[in-house]
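Engineer: Below you'll find the structure I mean.
Any read-out appearing in this document is the output of simple, stated calculations on the displayed coordinates, not a laboratory observation. Fair warning: this is a prediction, and the values are worked out from it, not measured in the lab. Note: ideal-geometry Cβ built from the backbone for every residue, glycine included; neighbour counts use all protein chains shown.
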């Protein structure tokens, strides 16, 4: 667990899970091992300091952090006014009855104020670094691991704090990332969202915008995030679906027949079970839908979400997938709109 500097504040969200099934290639629930506790535990949310007064938003990093806290994910935090940040801001503006400009205009700044400092301090622990290990290049090598944890300390921090690795490097110019030791202190964004308490009515996936939104019965947005969709139009399900299963930390079955273009698969000639973890092909969550082979899941490559297409499922950054795990339930309607 991190140690906080007296002048900084970190709002963190608990996220835990067991393991089971994905479906870009089918899995059997009984094949899924549980992930070690230190892999899934995140510190509980700390209460906001009563001494902190709401502050104006003066740049896009501050806007991304505050939007994330309020459930409007901009993808990887990077301080850049990109399409995902603009789309998240428009969704926030819609919720607040503002003009959907995608700009940090005066009306938006009057409502979107910082509720805590943008940055916080994080200190590496022994458990953090013990869990870091290089990632094999082959499917066979991955199948021989007990968990697919983070490959580097930088990757671990970037995912834990919802950040682009380039931002983490920029915030910590003097850190030698190849020689991180326990006790090393770094600066990171403080952007963990608060889970909404309102009852979820449905999930919307907007294919054209590459956006997923969770709404209540009135249509108010409870959670918004970028999503990757199928490359081939014929593999994009359109219309009403339903959540069939909600599984934290799933394993994954590599099936050579599903990936005939992979030379290793032809040589293996058999399926492989890939253990859970953030570097699992379906990330840290599997929300299966009532159409065979389709689901919403995480990914080990958050910077590609919304920018590249998947084989058919809906792909989220791991941190957004964990939030969705807490909001989704079996039977929940998922509307896929063109």
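Engineer: Estimate the FRET efficiency between residue 146 and residue 330 by the formula 1/(1 + (r/R0)^6), using the beta-carbon distance for r and 25 Å for R0, to the nearest 0.05.
Structural biologist: 0.30
Engineer: Where q = 0.15 Å⁻¹, what log10 of I(q)/I(0) comes from the Debye formula for the stretch 202-337, counting one point per Cα?
Structural biologist: One equal scatterer on each Cα of the stretch 202-337 leads to -0.70.
Engineer: Could you work out the relative contact order of the stretch 191-232? I mean the mean sequence separation of Cα pairs under 8 Å and 6+ apart, divided by the number of residues, in percent.
Structural biologist: Once divided by the residue count of the stretch 191-232, the mean separation gives 31 percent.
Engineer: Distance in nm between label sites at residue 179 and residue 198, each 7 Å beyond Cα in the beta-carbon direction?
Structural biologist: Taking the two extended label points, one gets 5.2 nm.
Engineer: For residue 100 paired with residue 169, estimate the spin-label separation in nm (one decimal), with each label point 7 Å from Cα along the Cα-to-Cβ line.
Structural biologist: The modelled label-to-label distance comes out at 3.6 nm.
Engineer: Which three semi-axes in whole Å describe the equivalent ellipsoid of the stretch 83-187, each the square root of 5 times a Cα gyration tensor eigenvalue, listed largest first?
Structural biologist: Equivalent-ellipsoid dimensions as semi-axes: 36, 19, 11 Å.
Engineer: Given an 8 Å cut-off on Cα distances and at least 6 residues of separation, report the relative contact order of the stretch 101-225 as a percent.
Structural biologist: 23 percent
Engineer: State the Kirkwood hydrodynamic radius of the stretch 126-194 in Å, one decimal place, computed from all pairs of distinct Cα atoms.
Structural biologist: 13.4 Å
Engineer: Here's a follow-up. Restricting to the stretch 202-337, what percent of DSSP beta bridges are antiparallel, rounded to 5?
Structural biologist: Here the share of antiparallel DSSP bridges comes out near 75 percent.
Engineer: Where q = 0.19, 0.21, 0.27 Å⁻¹, what log10 of I(q)/I(0) comes from the Debye formula for the stretch 182-247, counting one point per Cα?
Structural biologist: -0.90, -1.02, -1.33
Engineer: Got the relative contact order for the stretch 202-337 handy, in percent, Cα pairs under 8 Å and 6 or more residues apart?
Structural biologist: For the stretch 202-337, the relative contact order is 33 percent.
Engineer: Compare the peptides 298-306, 63-71 by average per-residue count of other Cβ atoms within 10 angstrom and give them in order, highest first.
Structural biologist: The most tightly packed comes first, giving 63-71, 298-306.
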